[in-house]
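Chemist: Input: one structure, supplied below.
The values are calculated or read from the model by the stated rules, or taken from the named source; none is laboratory data. No experiment lies behind these values; they were computed from the predicted model shown. Here Cβ is always computed from backbone atoms with ideal geometry, including for glycine, and neighbour counts include all displayed protein chains.
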Amino acid sequence: MKPKKTILCVDDNEQSLSIRKILLETRGYRVVACNSGELALEAFRRGGVDLVLTDLIMPGVDGSRLIEEIKTLSPQTPAVLISSRTKIYERETLADVFLSKGMYEPVDLLERIRLLLVRRRGPKRQVEVRARAAGVEHASVARAALAG
């Protein structure tokens, strides 16, 4: 059984936080839920977080600042920023994905998270990496070529 990926989920709105937590847990993710950017930074520093999912507008450390701090500590950690304010693009953000509240389906969020985690993990097998480097298309051909 493969280990569950851990998602740091951050929102000052308890209802939104609870809904996202349930959505993610029912899909097999471990969820660390925080209702402020400050608590989220503490949780992230403890380690074990594979992806960050945060709301933009929060008192204190907002979502954009939270992602900036996390990317400073761990540039490879994927981050998803969610906001009802679609003018976020006027500000600089280090988020890998931006989703506008009410403009996406839960399945869209889950697919974006899945893709970010796959991209972070990289290729599944070393044989496939060597096969691509050797210019061989199929892994079965690569195994035979590398074995012989």
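Every residue, every condition in (1) touching a Lys or Arg at 6+ places or on another chain (Cβ under 6 Å); (2) at negative phi; (3) modelled with pLDDT of 95 or more; (4) among the acidic types (D, E), yes or no:
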site	(1), (2), (3), (4)
S18	no, yes, yes, no
V31	yes, yes, yes, no
S36	no, yes, yes, no
L39	no, yes, yes, no
V52	no, yes, yes, no
M58	no, yes, no, no
I67	no, yes, yes, no
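Chemist: Count, please, the residues in segment 1-10 that happen to be modelled with pLDDT of 95 or more and either over 15 Å from I113 (Cβ atoms) or assigned to a helix (DSSP H, G or I) (or both).
Modeler: Result for segment 1-10: 0.
Chemist: Examine segment 85-102 for a residue that is under 19 Å from A43 (Cα atoms), in contact with a helix residue (DSSP H, G or I) (Cβ under 6 Å, 6 or more places away or on another chain), surrounded by 12 or more Cβ atoms within 10 Å (Cβ to Cβ) and at pLDDT 85 or above, and state whether such a residue exists.
Modeler: Looking for residues that are under 19 Å from A43 (Cα atoms), in contact with a helix residue (DSSP H, G or I) (Cβ under 6 Å, 6 or more places away or on another chain), surrounded by 12 or more Cβ atoms within 10 Å (Cβ to Cβ) and at pLDDT 85 or above, one finds at least one in segment 85-102, hence yes.
Chemist: L66: farther than 14 Å from D96 by Cα and free of Cβ contacts under 8 Å to residues at least 60 places away in the same chain, yes or no?
Modeler: no
Chemist: Taking T26 as the residue in question, decide whether it is in contact with a Leu (Cβ under 8 Å, 6 or more places away or on another chain) and either over 22 Å from D108 (Cα atoms) or hydroxyl-bearing (S, T, Y) (or both).
Modeler: It is false that T26 is in contact with a Leu (Cβ under 8 Å, 6 or more places away or on another chain) and either over 22 Å from D108 (Cα atoms) or hydroxyl-bearing (S, T, Y) (or both).
Chemist: Within segment 110-133, how many residues are in contact with a helix residue (DSSP H, G or I) (Cβ under 8 Å, 6 or more places away or on another chain) and modelled with pLDDT under 95?
Modeler: 6
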